[in-house]
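Trainee: One structure, as structure tokens, below. Some questions next.
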Amino acid sequence: MANQGMPLKNMVFDMGGVLIQYLPRHFIEREGVTDPQEQELLLKLIFHSKEWPLIDLGTFTEEQLEEIVRPQVPPRLHDTVHKLIFDYFLPLEPIPGMADFIRECKDKGMGIYLVSNASLRQKTYWHTIPGSECFDGEIVSAYERCVKPGPEIFNLLLSRYGLNAGECMFVDDLQPNVDGAMAVGMRGFHFTGDVAALRRAVEEILEQN
């Protein structure tokens with residue numbers, strides 16, 4: 001590895017699936033939709049639609065998506081559609097143990113950064129995520145018009161905050177995004193919900209340094 005032997009100075013985190021839960025089917029059930037066909041319909045029209053990633057890219061809006069979806073569902077689901085499109089992340093469900101781990105890294109003197117595929121609405125709830133007070137910088141896709149796993153978003157992080165790729169570890173719940181970070185020279189960790197495993201991986205690197 002190109003960064004082998006380089007000190008680990010910065011932790012870079014994804015948001016959904018790493019800091020907070022991102023489980024579309026759970027969000028739908030949380031809104032009281034129990035019919036399997038209706039669940040599948042909402043998944044298809046919202047979270048699995050071709051427009052959903054465009055909101056993270058900043059080239060499409062929640063309002064535009066709602067206009068497309070509403071005519072395709074029964075009127076009784078219109079309020080649910082609005083909630084799922086605009087506020088699916090509320091109430092926030094933090095990943096257990098992650099905030100404590102972030103604070104531990106901060107106490108060690110490490111830089112803490114965010115690289116997230118998220119919409120413009122991210123700014124409205126970011127400050128309420130446990131551990132967010134530790135972050136030294138954030139790159140949110142919709143504001144930058146580039147998304148993971150492309151190299152542009154990672155290179156933007158490095159250039160904006162003056163970071164050395166080899167001194168950073170990127171943590172994401174999706175392997176393609178981890179691969180994207182590693183392609184620009186960062187260390188990568190595929191997070192599956194096990195904070196203890198992440199802690200061990202970081203400690204092992206720090207001990208080698």
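Trainee: Residue 165 - would you say it is touching a Leu at 6+ places or on another chain (Cβ under 8 Å), more than 20 Å from residue 89 (Cα to Cα) and either assigned by TED's automatic domain parsing to the domain that holds residue 14 or aliphatic (A, V, I, L, M) (or both)?
Mentor: Numbers: touching a Leu at 6+ places or on another chain (Cβ under 8 Å): yes; more than 20 Å from residue 89 (Cα to Cα): yes; either assigned by TED's automatic domain parsing to the domain that holds residue 14 or aliphatic (A, V, I, L, M) (or both): yes.
Yes.
Trainee: Starting from region 131-142, take each residue that is farther than 24 Å from residue 55 by Cα and modelled with pLDDT of 95 or more and list its partners that are surrounded by fewer than 18 Cβ atoms within 10 Å (Cβ to Cβ) and basic (Lys, Arg), counting only C-beta distances under 8 angstrom and pairs at least six apart or across chains.
Mentor: Listed by first residue and then by second, the contacts come to 131/103; 134/103; 134/106.
Trainee: Regarding region 132-149, can at least one residue be identified that is assigned to a helix (DSSP H, G or I), in the same structural domain as residue 105 (by TED's automatic domain parsing), closer than 19 Å to residue 9 by Cα and hydroxyl-bearing (Ser, Thr, Tyr)?
Mentor: yes
Trainee: Of all residues in region 1-30, count the ones that are among the acidic types (Asp, Glu) and surrounded by 16 or more Cβ atoms within 10 Å (Cβ to Cβ).
Mentor: Result for region 1-30: 1.
Trainee: Just checking, how many residues over region 55-86 are acidic (Asp, Glu) and either in the same structural domain as residue 146 (by TED's automatic domain parsing) or exposed (fewer than 14 other Cβ atoms within 10 Å of the Cβ) (or both)?
Mentor: Number satisfying all stated conditions: 3.
Trainee: Part of a loop (DSSP other than H, G, I, E, B), assigned by TED's automatic domain parsing to the domain that holds residue 200 and closer than 20 Å to residue 57 by Cβ: does that describe residue 114?
Mentor: It is false that residue 114 is part of a loop (DSSP other than H, G, I, E, B), assigned by TED's automatic domain parsing to the domain that holds residue 200 and closer than 20 Å to residue 57 by Cβ.
The values are calculated or read from the model by the stated rules, or taken from the named source; none is laboratory data. What you are looking at is a predicted structure, and each value in this text was computed from that prediction instead of being measured. Glycine also receives a Cβ, built like all others from the backbone with ideal geometry; neighbour counts cover every protein chain displayed.
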